[in-house]
Amino acid sequence: MVDFETEAKRIVAGLTLEEKASLLSGKDTWSTRAIGEIPSIFMTDGPYGLRKSLTGLNGLPATCFPTASALASTWNSELVQRVSSAIAVEAQAADVQVVLGPGTNMKRSPLGGRNFEYFSEDPVLAGEMAVAHINGLQSRGVGASLKHFAANNQEYERFQNNSVIDERTLNEIYLKAFEMAVKRAKPWSVMASYNMVNGVHSSESEWLLQKTLRDKWGYKGVVVSDWGAAAVGRVEGVNAGLHLEMPGGSTENTKLIVQAVLAGKLKEHVLNARLRQLVAAILKVDSTKRPETKFDTDEHHDIARQAASEAVVLLKNDSHLLPLKAARLKKVAVIGQLAKEPRFEGGGSSQITPTKVDNLYQKLQDLFEGKVELTYAKGYQPKDGSTTPKLLSDAALAASGADVVIVSVGLPASFEIEGIDRPQLGLPAGHDELIEAVAKVNPKTIVVLTNGSAVTMPWLSKVPAVLEGWLPGQAGAGAIADVLTGRINPSGKLSETFPRRIEDTPAYPDFPNRTGNARYGEGIFIGYRWYDKRDIDPLFEFGYGLSYTTFKFSNLRLSSEQIFDDGQLTVEVDVKNTGDVAGKEVAQLYIGIQDVGEVHPPRELKKFEKVYLRPSEEQTVSFTLKPSDLAYFSEFKGDWRVPTGVVDIYVGNSSRNLPLHRTVAIRPRREEIPELSPSSPLKDFARHPRGKHFFDLLGGQLAKSFGGVDEKQSKKEADAMTMSLIGDLPLDRLPGLSGGIMSRDFVDAVMGYVKYENGLHPLESFRYYKELVKLLLRALRSLR
């Protein structure tokens, strides 16, 4: 077995300085440079399909699978891995060694222009999807490029916008999914994003690329720039941990790197380290090339259809209008141009040239097998979604004579495209008008949505059924037809919250930010965390989705009602199909931290599992919560911390439908001892083994001096009152409050006492303790 690191070390040792510098930039738009024994490898876009570019956005024909927001809505990691494995097969057939994906950024606002390329608003769901996607690609010998690292959440001025985020929010929300993917899936590369994070461009950030990615997470792979991100600050990037600048073709940065080494601004040992890592990665991925690979386009189209069918979310189904049964229907009106000319993907660098494309009208005809008459009306203009009185009247006429109406609407291509954020949360006005006009003449109206992220629905109360189809890929229309006719029982769950209005969203009104400094003032409260904490009712909550059957959750049990903070907790729940048809349900486990020391969301997703159940079948779902699953990033500690005290455990099928609830008590294995300084509040002294003796001696008397302790109070009440009155008072404020009786020397003596580590402190002897009591009593009398 080849040791690629050893080979890379040998090869790099024989390179000239100029050759070393040139290898850190690509040969052209998609390839790396070949020098000596180092081969060139080819990279291309591919979050949801392969785009081996020929000219502009046109590429080789490839299967267009559902976009990331749709894939995440399957909540099915195995299916996502199957999709990415198919993408890897197509990459091998096209002689592509690295696919640029998955996109793993959080959806801070539903207006983000590339939200269709990202999985979720929740880091755990996004992280699990990213792990599955990377594993699928790399299991077939194709490298993944995890992107866009990090906090790339708006398209407006994305090259220079500065994401200003506190450390806790960064770690818990915007880095968590990346951390999961890096540690568990080990992607070939991580792509540094265009934007700045706290004033430093991602491609030049030592904190991101070295201290976090490598030192904390143990990453061994390559960091590549987003295309054009490293054109400026190239030497700073190499120092920070960036390996490869893309695209290549220019020698300017090569010269800058050489000059920096000669001038001592870039140490050659740093340059060599970057080269060894890059060359080892190139050798490894080149060794897994399979030029003889071929793929079956029909087989991959079927995989795309299956993925799209599990992504479809049934949002509403009053009176069980769905599924449609041909035996009960004579005429169905299909309205909306998207039914014949589908929009199945987003715009920009991820745009695929599909091998074939299904349309909903044709697929319904195929499934109804001529037993149901289909009529059609255009409804709106395809480019901007506008409508006219004539288009509306034609649609109403078609609808009025039908048993059921299917209205196909969604967002225009111009609303969801790389480089531009969405102009509005709603559909085009013409689409809303069309739904209203059709529902007015036929109450049996089914709305099918095509969009890459959340939309508002002002007409929701006027229609009995709504399907969220997302941007479902080239086979999506067939998948939607399968769900409409009951061939497939819908099992998708929303991977993001659908708000009622833009004013309810976490980043409103400052999205996209136009000042150059996007301040993430909502902190950890994005997505459902925001709506739950502020008690705002969304249109549809995170994790929501209906089925043609019903399920029951019961018998929630914990392996223990009390664990240590370094222990594990097993959670089991029974899920039963209580309906008449087979179906899939997603068991979702959330926790709620009751600790009041730092603010927390009411509930956070930690685990999920999708299960298939036949009618009346029951299955036990088991989850294991490790300390890392329970931890939050403590601003006090500047690190992850497992909470102590009571933690709520919730299980159900959406973030707001959690019928089962238990609690677990978490105890510290070792009592956490606060670090004390003269500026520490007295409440910290109360939690310190030595400091508590000082606090007990001083506290009650000091609280009395503030008039807060009643002699008739119980000890528990008196202690609580003491803490509320003086707990926040820093030790070094006592000299001023005591009129100088408690001197600075007194503060130093107390600090010497609490920091003493050599056994019994002299103050703990009777004589010194007695003198300290006298001193304290004098000081306290003066305060009164």
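The values are calculated or read from the model by the stated rules, or taken from the named source; none is laboratory data. Computed from a predicted structure; not experimentally measured. Cβ: placed from backbone, ideal geometry, glycine included. Neighbour counts: every protein chain shown. Note: areas computed on protein heavy atoms with side chains; ligands, DNA, RNA excluded. Shrake-Rupley method; radii C 1.70, N 1.55, O 1.52, S 1.80 Å.
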What residues of the stretch 527-563 lie in the reach of a label at D166, counting those whose backbone N is under 19 Å from a point 7 Å from the Cα along Cα→Cβ? 527-535
Only sites in a loop by DSSP and with at most 12 other Cβ atoms within 10 Å count here; which GluC sites (Glu not before Pro) in the stretch 259-356 make the cut? E292
Take the alpha carbon atoms of the stretch 529-585, find their center, do the same for the stretch 138-194, and report the distance between the two centers in whole angstrom. 28 Å
Whole-Hz couplings from phi, Karplus 6.51/-1.76/1.60, listed for the stretch 535-545; x for Gly and Pro: 6, 9, 7, x, 5, 9, 7, 4, x, 7, x
If the label point sits 7 Å along Cα→Cβ of E268, residues of the stretch 192-233 with amide N under 14 Å come out as none
Quick check on the chain: helices-only [θ] at 222 nm, where DSSP H runs of length 4 and up contribute -39,500 (n - 2.57) each and the sum goes over total residues. Nearest 500, please. -9000 deg cm²/dmol
Using the Kirkwood formula over every pair of different C-alpha atoms, what hydrodynamic radius in Å results for the stretch 466-624? 18.7 Å
When ranked by the protection proxy of mean other Cβ atoms within 10 Å per residue, highest first, what sequence do the peptides 251-258, 474-481 form? 474-481, 251-258
Quick check for you: with a 1.4 Å probe and neighbouring chains kept, what is the accessible area per residue of the chain, in Å²? 40 Å²
Stretch K371-S622 to full length: gain in nm at 0.36 nm per residue minus the Cα-Cα span? 85.8 nm
Residues whose placed amide H lies under 5 Å from that of F42, excluding near-sequence neighbours: Q97, V98
Contact order normalised by residue count of the chain, Cα under 8 Å, 6+ apart, percent: 13 percent
Can you tell me the 0 to 90 degree angle between the C-alpha axis of helix 766-783 and the longest principal axis of the chain, rounded to 10? 80 degrees
Amide H contacts under 5 Å for G410, restricted to residues at least 5 apart in sequence or on another chain and with H modeled in the peptide plane, are T450
Within 10 Å, count the other beta carbons around each residue, average over each peptide in 119-131, 629-641, 585-597, and list them highest first. 119-131, 585-597, 629-641
Integer Hz, Karplus 6.51/-1.76/1.60 couplings in order for the stretch 255-263, x for Gly and Pro: 5, 5, 5, 4, 4, 5, 5, 5, 8
For the stretch 51-130, give the magnitude of the charge dipole about the Cα centre (Cβ charges: +1 Lys/Arg, -1 Asp/Glu; no others), in debye to the nearest 20. 220 debye
Starting from the amide H of F540, placed 1.01 Å from N in the peptide plane, find each other amide H under 5 Å away whose residue is 5 or more places distant or on another chain. F498
Contour minus end-to-end for E757 and T16, with contour as 0.36 nm per residue of separation and end-to-end as the Cα-Cα distance? 261.2 nm
Centre separation in Å (Cα based) which lies between the stretch 337-410 and the stretch 74-100: 30 Å
Accessible surface of the chain, 1.4 Å probe, proportion on carbon and sulfur as whole %: 49 percent
List the trypsin sites (Lys or Arg not before Pro) in the stretch 398-489 that DSSP assigns to loop (not H, G, I, E or B) and whose Cβ has at most 15 other Cβ atoms within 10 Å. Which are they? R487
Backbone HN-Hα couplings from phi across the stretch 669-676 [Karplus 6.51/-1.76/1.60, Hz, Gly and Pro as x]: 5, 10, 4, 6, 9, x, 6, 9
For the charge dipole of the chain, defined by +1 on Lys and Arg C-beta atoms and -1 on Asp and Glu C-beta atoms about the Cα centroid, which residue among A396, T375, S738 has the Cα displaced farthest towards the positive pole? S738
With +1 assigned to the C-beta of every Lys and Arg and -1 to the C-beta of every Asp and Glu, and no other charges, what is the dipole magnitude of the stretch 356-398 about the Cα centre in debye, to the nearest 20? 140 debye
Can you tell me what share of the DSSP beta bridges in the chain is antiparallel? A percent to the nearest 5 is fine. 55 percent
In debye to the nearest 20, how big a dipole does the chain give about its Cα centre with +1 on each Lys and Arg Cβ and -1 on each Asp and Glu Cβ? 820 debye
Compactness of the chain, expressed as Rg and Dmax over alpha-carbon positions, Å: 30.6, 103
